[in-house]
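The values are calculated or read from the model by the stated rules, or taken from the named source; none is laboratory data. Since the model is a prediction, treat every value here as computed from it, not as a measurement. No Cβ is skipped: glycine too gets one built from the backbone with ideal geometry, and neighbour counts run over all protein chains shown. Just so you know, the surface numbers come from the protein's heavy atoms only, side chains and all, with ligands and any DNA or RNA stripped out. Shrake-Rupley method; radii C 1.70, N 1.55, O 1.52, S 1.80 Å.
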Amino acid sequence: TGNASGTTTGALAEMAKRIGDIVGTTGQAASALAQLAASGKIASSSFEQIAIAAISWEKASGQAVSTTVAEFNKLADDPVKAIVELNDKYNFLTASVYEQVRAAQEQGDKQAAAAIAEEAYAKALTERAGNIKQNLGTLERAWNDLAGAAKSGWDAILDIGRESNKGPDLAAIQQKINYLKSTLDTGFEDGNARQRIAALQAELDG
């Protein structure tokens with residue numbers, strides 16, 4: 001995007017890892033961040049909060065992350081109009097926050113108006129998502145936890161190929177080796193598991 005988002009791929013990778021540790025997986029976080037960066041409309045300082053909100057809301061309500069990102073893009077385009085429309089849908093806006101957004105936009109600082117609106121909407125989605133999860137029945141929670149565990153397990157497998165900006169993490173390499181060894185002869189192992197174990201062991205030894 002010609003650095004329209006004002007960040008780097010390395011910074012986004014680290015952000016994705018942090019978000020993945022909080023909600024969802026690194027893969028989900030990376031996808032959400034890529035969508036935010038591609039828009040070129042939202043400041044990178046808001047990426048983390050928005051990505052957490054969008055992923056949480058998708059897990060709770062089923063609304064796709066892309067739909068939520070599109071709503072945040074509207075907030076960046078016209079903060080006052082968009083936040084009123086979203087409030088009609090979700091009923092989260094206070095008079096104080098609306099006045100801050102309106103005043104900033106009228107003073108010609110649309111970026112500040114958008115930042116205030118984005119923070120308010122992100123907080124609302126995250127809180128609503130938490131409330132929905134708390135109100136789920138035991139069976140629904142069990143299924144959600146099972147699905148989350150499956151996604152996290154797959155994300156752990158994908159982590160074996162992800163790059164790190166901090167140099168070799170010996171504990172992480174050992175964990176990957178242990179994980180791959182645990183899959184051997186189970187019927188669920190990767191076809192290249194033994195070769196990957198050997199390669200990782202060589203890296204660890206090095």
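Here are the numbers for the structure shown:
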| read-out | value |
| --- | --- |
| Violating pairs (Cα-Cα greater than 29 angstrom) within the set LYS59/LYS181; LYS17/LYS123; LYS59/LYS81; LYS17/LYS41; LYS17/LYS81 | LYS59/LYS181; LYS17/LYS81 |
| Cα-based convex hull, the stretch 19-135, per residue volume (Å³, whole number) | 91 Å³ |
| Packing rank of 49-56, 75-82, where each peptide gets the mean count of other beta carbons within 10 Å, highest leading | 49-56, 75-82 |
| Mean separation of Cα contacts under 8 Å, 6 or more apart, over the residue count of the stretch 44-114: relative contact order % | 25 percent |
| Heavy-atom accessible surface of the stretch 1-139: percent carbon and sulfur, 1.4 Å | 51 percent |
| Accessible area expressed per residue, the stretch 13-109, with surrounding protein chains retained (probe 1.4 Å, Å²) | 45 Å² |
| The stretch 1-139: relative contact order as a whole-number percent, Cα under 8 Å and 6+ apart | 23 percent |
| Extension gain from ALA112 to LEU204, taking 0.36 nm per residue of separation minus the Cα-Cα distance | 28.3 nm |
| Accessible-area ranking of TYR121, TYR179, TYR90, largest first, probe 1.4 Å | TYR179, TYR90, TYR121 |
